[in-house]
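Colleague: Have a look at the structure that comes next, please.
The values are calculated or read from the model by the stated rules, or taken from the named source; none is laboratory data. Keep in mind that this is a model prediction, so the values were computed, not measured.
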Amino acid sequence: MQDRYDTNKSYGVDLKTAGDELVAADVSEESAKLSALQTQQQFAVQAFSMGTQNAQSLLRLLG
C-alpha cells in the first residue's frame, strides 16, 4: 500500500513539474510574439509618418 502511495505521489509531482514547464514555455513564446508585434507596429507607424511627411513636402512644392 505504501509503495502504491509513493508511486502515485511521485507521478503527481512529475505531472506538476511537466505542467509548470509547459506554462513557462507558453509564456516565453507569447512574450516573443508580443515583442515581434510591437516591432511591426513601430515600423508601421514610422512608415506612415514618413509617407505623411513626403506628401506634405510634395504639397508644399506644388502649392
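Colleague: Please state which one of 35, 28 is hydroxyl-bearing (Ser, Thr, Tyr) and at pLDDT 85 or above.
Modeller: Answer to the selection: 35.
Colleague: Follow-up. Which members of the stretch 1-49 meet the condition of being among the acidic types (Asp, Glu) and over 15 Å from the mean Cα position of the chain (by Cα)?
Modeller: The answer is 3, 6, 14, 20, 21.
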